[in-house]
Every structure is written in structure tokens, then in C-alpha cells.
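Data first, discussion second: the structure below is written as C-alpha cells.
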Amino acid sequence: MKKILLWLFLAAVVPGAAGEEVITYRFQAGIPLHCSSSLRRLEQFLKELFPKTPYRKTPLTIDITGGSGALEAPEGALFEANRFRIERGDLELLSEAGGAMLHAHGKAPAGYRLPLFLCGAFRHRERAAGVECRFLGNNRRFNTAEALLRAGFVPDLKVLLTHVPGERDKIGNQWFDDHARLLFEMLRSKNFKGGPEKLESAAEQLLARQFKVEELRPMIWGNFNLLPPELAAQQLQTMLTLQLPKLDHMNQPNGLTETVTASQLPSKLQKHPLRKEVCSKFASSLFRKGAGLPVFFKGALRKLHDAVRRLGADPAAAPAFNAALAHLDHVRKEYADRAAFLDHLESRSDFPVRMRQRSLRANALPAGIAAPECQRFLERMEEYYTGF
């Protein structure tokens, strides 16, 4: 009974304890309800990103302005957001609104503002949700960062902490959002668990060191955005190169090493006293270093892994090892050929029409609700695009 009374008391005095909304959205006359959609998604995004609630909750009213008529002054805190700034995804607005939301939910102190790179990462999520992530979950694309990595350059993410793109600079904002999302995903990969106040310092600490291209590749390419063939070839070349201990005149390791390729192993290990150890280490590295390769390569890597193990136990397994190595090279060439074919297909001028051919045909079918002139127009469009 005492516990029930205590719960009822807390529900009466603590905002949000009884399950009511901490944040209320209001609209001036003439503003459609969907204008608050992105802010509601920002609220949910921040609640999931920062689950802890170290501060007292404070009710907040967000007024979506830009219409006509005045709204009554609310009880508690008020934040005004112009609908046109919301639709543009204004960074400063997202920063201020996000800070007010976190304070309302008891996750940040009063006056807190979101770091702009987090706002850019949210804008990237919003754009991706309507395009590449619509059906494939977290199928993100970082087009500008991807272009740099393909050229062998590491994106300069430190600029995100000081640079603010101009509102009318569409290319600059695209660049900013791509790199901001990449930085955000890097923080998540490092298992960032701190509160909002620690986010910026965590980003500064992360960016204090130099990153290699190989470290960022897994963040860019995956099962839904395959590694480009030239980078896959580079990674395979690195994987199939190893350091082999040199031997002295007594056929014993002398403390030095030589660089050899995997194709040289059968001859180099014929009478090598560390044959088993070298093969075991090489086999283990294949899956570790090949984690960033597309699934397309997994079967060939498994065959090579097993062949290396057998080679370590028996030098007579050299033919099977060479066959597995040749199969992996065949898979590499096939992967490159498929990529080249898809690039060629996509570059053809009729590709968009071919992709939409079924829709065009469906639209050209007779329909009772279409006016005769509309039907004739659809038929002409069908004939123009498909040649039927």
C-alpha cells in the first residue's frame, strides 16, 4: 500500500512520471502537421542515443511558426521553430532544438546545444531514410568520403569541429553531412556511452590521431555497398604477402625475415623447420584481414584457408594449395568483370527507361477513371519510351 501511495505521489509531482508527453508540439494556423515530423524523429533519435536521465525533466512546448495567428503562452519552457527552417534542415535550428529536447527529457543541462556534426549526421540519416535506407535498414552511403577513399586519401574530419557550411551551399552541406555521419558512426564503433556534454570532447579525442585508409573502409563499404574491385585487389595483394623467417647455413632461423608472396610458399617451405607455424599464422590472418571483403570472396578464402592448413602439415599438399590460390584469383577477376558490366549497364542512356519499363506499361493500360485525352497521352509516352 505504501509503495502504491509513493508511486501516485511521484506521478503527481514529477513531470513525465505518469506517462504524459514531456514535449508538446503546437502549430500556427495554416501549417500542416507533417512539418513537425523531422523534429519528432530528432527527439526519438536523441532519446535512443542518450538513454540516461541525470537531470530533472522539464516540460517543453515547441511551436511550429510561419503560419497565421498567435498561440497562447504555454506553461513551462517554449521553443519556437520556423517551418521553413525545419524544412531546410537548418543546422543551427537542429542544434538549438536538440539541446532544448535533451534538457526537457532530463538528459542535458539548460542552455545545451547539440554539436553541429551530430546535426549533420541526423540530416544524413533523414536523407538516407528516404532513399538508400528505405528498405535495407542501415544501408548508409557516404558519397564524398567514398570518393576520397577510392583515391587513397583519408577524409579530414577535424574540419567538422570548426567548419559551418553556408545555408545556400548545397554541395558544402552534402559534404558536411556525409563526413558528419561518418564521424558519428566512428564514435558508435568505439562504443561511445557518455552523455551529451561529453560528445564533442569524445570526437576531439578520436580525431586526435591519424587514421589509415584501411581503418575507414569497413565504415564505408559492406554487403549493400560493395568494395570497389581495385580496392578488393589491393586488399587481396596485402593479404597474400607475408614475412617468412630466413634460415642460416644450419637451416635454422637467423632472426631476419624476407617478404614473399603466397604463390612462393610451397617452394620456400619445402624444408623449412617452421613450416607448420608459418602456415598456421598465415591461415589465421586470411579471415582476419579478409573481413572487409565482400561475401563474394568468402568461399574462396575458406578453401585457401583449409589448403594452407594442409600445406603446413604435409608439403605434398602443394598442388591443392596452388589450386585454391588460383581459384581465389579467378574469383577476383570474376568480381571485377561483374562490376565493370554493371558500370557499363548503368552508364547506358536507356538504362533508366528499361528500369521503369514495367511501370510505363502499367500506366499505359486502359483505365476507367482516366479521361480519353489522358489515356492517349499515356499511350504516346509508352510508345516514345519503349518503342512499342
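The values are calculated or read from the model by the stated rules, or taken from the named source; none is laboratory data. Here the structure is a predicted model, which means the values were calculated and not measured. Note that each Cβ is placed from the backbone with ideal geometry, even for glycine, and that neighbours are counted across all protein chains shown. Just the protein is used for accessible areas: all its heavy atoms, side chains included, with ligands, DNA and RNA removed. Shrake-Rupley method; radii C 1.70, N 1.55, O 1.52, S 1.80 Å.
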_Quick check on the stretch 310-328. Is at least one of its residues outside any helix (DSSP H, G or I) and open to solvent by less than 60 Å² (accessible area, probe 1.4 Å)?_
no
*Of all residues in the stretch 36-86, how many are open to solvent by less than 90 Å² (accessible area, probe 1.4 Å) and within 16 Å of Arg123 (Cβ to Cβ)?*
12
*Could you list, in sequence order, the residues of the stretch 190-216 that are open to solvent by 50 Å² or more (accessible area, probe 1.4 Å), in contact (Cβ under 8 Å) with a residue 24 or more places away in the chain and not acidic (Asp, Glu)?*
Gln210, Lys212
*Mind counting the residues in the stretch 331-352 that are surrounded by fewer than 11 Cβ atoms within 10 Å (Cβ to Cβ) and under 17 Å from Thr261 (Cα atoms)?*
0
*Residues (part of a strand (DSSP E or B) and either under 23 Å from Lys212 (Cβ atoms) or out of contact with any Pro (no Cβ under 9 Å at 6 or more places or on another chain) (or both)) located in the stretch 223-278*: Thr241, Leu242, Gln243, Leu244, Thr257, Thr259, Val260, Thr261
*Output the number of the condition that Asn139 fails; it satisfies all remaining conditions of (1) at pLDDT below 90; (2) part of a helix (DSSP H, G or I).*
(2)
*Could you check Met101 against (1) under 19 Å from Ala180 (Cβ atoms); (2) exposed (fewer than 15 other Cβ atoms within 10 Å of the Cβ); (3) touching a strand residue (DSSP E or B) at 6+ places or on another chain (Cβ under 8 Å) and say which number it fails?*
(2)
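Out of everything in the stretch 187-216 that is in a helix (DSSP H, G or I) and of a type in the set (S, T, N, Q), what residue ends up being farthest from Leu116 (Cα to Cα)? Spell out the reasoning first.
So the first thing to find is which residues in the stretch 187-216 are in a helix (DSSP H, G or I), and the list is 187-189, 196-206, 213-216.
If we keep only those that are of a type in the set (S, T, N, Q) as well, we get 189, 201, 205.
Details: Ser189: 20, Ser201: 13, Gln205: 17 Å.
Out of the qualifying residues, it is Ser189.
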